[in-house]
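Please treat every number below as a calculation from the coordinates, not as lab data. On a predicted model such as this, the values are computed, not experimentally measured, just so you know. Positions of Cβ are backbone-derived with ideal geometry, glycine not excepted, and every protein chain shown enters the neighbour counts.
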Amino acid sequence: MVATGSPPPDLSGLRIEREAPGGGAARGGGAPRLLLLAIAILLVAGALAAFLLRPSAPAVTVARAEATGGGSETAAGITANGYVVARTKASVSAKVPGRMEYLGVHEGSVVRRGEVIARIESADQQAALRSARAGVGETAAQLEQARRDLERAVALERQKVLSASELENARTRVQVLEAQLEAMRAQVQQSEVNLENTRVRAPFDGTVLRKDAEVGEIVAPASAGGGLTRTAIVTMADLGTLEVEVDVNEAYIARVHNGQAARITLDAYSDTSFAGRVRQVVPTADRQKATVQVKVSILDRDPRILPEMGAKVEFVQGSNAAVVAAPRRVTVARAAVTGTGSAAHVWVEQDGKVSSRSVSIGRARDDQVEIDGGLTGGETVVLNPPPSLAEGTRVRVAKQSS
């Protein structure tokens, strides 16, 4: 029993706390942080998945849209550009393979037809020739002796001292030696030819343009060359046969004919012109360039004119035609054109992206097609474009077609 008048006992220390002090506030602040962290993880995962699953840039093959001209028409006549070439030109090689032991010319050397310009080592051929000649001498001596023996045999047979069979044997020996001598002479001729083949002679009168081999190098005919073997010793040309080859646009070729007068201007001497005359209009056209080759003889001989120089030829017409530019033709590969008629278009690649370009199709030439409108030349077009291409699609150039 509790005594009367004493204070009641303090039972607050026996209370059970059901949540920690400030626990409600702690739970209320942690939930938003966990939610934000989960959202961030989901966003990163989504971005990573989008990166890994994004479509890769398709690989495409491209080619260039080519533009050709082919000269122009001026008040004086048609002009076209080309190069000086030698009508008579050759890469001179040896007839037999071997090591070159002598070279008697250099760039600019003037040689005559038949002149020895180089020699191949020929010790084996010389030895074979000496052996063949010695064999001829030996066989000739044996034949001379056999003929004397035959004369004595004939005389003895008349005197009934020698039998007919022995006389026949003497005749047979002479015939055999005559045949052997003929064979030995043929062998001498063959050895002389083999030795002559080691001498490289100029095939015509001309000037050496370039040395293609040096003393000590192995040379061989072109058909036997390979590896480090040289197939030519020198390149030479007859500078008296220099002419200019130019490509004339098909639109103007009807105004060019054999024997037509022309004026030639070299790029190296633009202030000087030379008289020329059309020697030949080649009877075929170049499908790719839509041009015809014309060969123009140079009538004014000048030592300044050298092979491979750039030149411009003006075909004199004697008319007062106004200046007209040659038609500019743009061609692309057939594989670059998608669609037909008014729906025809090509995909043009630039800086790794493609764009569609409507084009007007013209004449077809083999695997090429002329573009009458839509391209100016020089554009990079996609060959065999995949169906997935769209405006602005990024592509990867896998191959540049020539």
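List of remarks:
- Integer Hz, Karplus 6.51/-1.76/1.60 couplings in order for segment 88-105, x for Gly and Pro: 10, 8, 8, 9, 8, 10, 7, 7, 10, x, x, 8, 6, 10, 8, 9, x, 9
- Nonlocal amide H pairs with Ser109, under 5 Å, H built at 1.01 Å: Val208
- Local charge for Arg201 was computed over the other residues whose Cβ lies under 11 Å away, with Lys and Arg +1 and Asp and Glu -1, and equals +3.
- Residue separation of Glu178 and Arg130 scaled by 0.36 nm, minus their Cα-Cα distance, works out to 15.2 nm of gained length.
- At most 14 other Cβ within 10 Å, DSSP loop - GluC sites (Glu not before Pro), segment 333-400: Glu391
- Seen from Ser93, the other residues with C-beta closer than 11 Å to its C-beta sum to a net charge of +1, counting Lys and Arg as +1 and Asp and Glu as -1.
- Dividing the Cα radius of gyration of segment 164-207 by its Kirkwood radius returns 1.47 for Rg/Rh.
- Kirkwood-based Rg to Rh ratio, segment 333-402, C-alpha trace: 0.93
- Other-chain or far-sequence residues with amide H under 5 Å of Glu379's (modelled H): Ala65
- Backbone phi angles across segment 158-163, fed through the Karplus curve with coefficients 6.51, -1.76 and 1.60 (θ = phi - 60°), yield HN-Hα couplings of 5, 7, 6, 8, 10, 6 Hz in residue order; Gly and Pro are listed as x.
- Charge tally in the Cβ shell below 14 Å around Leu103, where Lys, Arg are +1 and Asp, Glu are -1, Leu103 excluded: 0
- Distance distribution P(r), segment 90-185, all Cα-Cα pairs, bin width 5 angstrom from 0: 2, 11, 13, 11, 10, 8, 8, 7, 7, 6, 5, 5, 4, 2, 1, 0 percent.
- 3J(HN,Hα) couplings calculated from phi for segment 310-316 with the Karplus curve 6.51 cos²θ - 1.76 cosθ + 1.60 (θ = phi - 60°) are, in sequence order, x, 8, 10, 10, 10, 7, 6 Hz; Gly and Pro show x.
- Length-normalised contact order for segment 159-296 - Cα pairs under 8 Å, 6+ apart - percent: 16
- Here's the picture: charge each Lys and Arg Cβ at +1 and each Asp and Glu Cβ at -1 in segment 142-256, and of Asn169, Thr235, Gln190 the one pushed furthest to the positive end of that dipole is Asn169.
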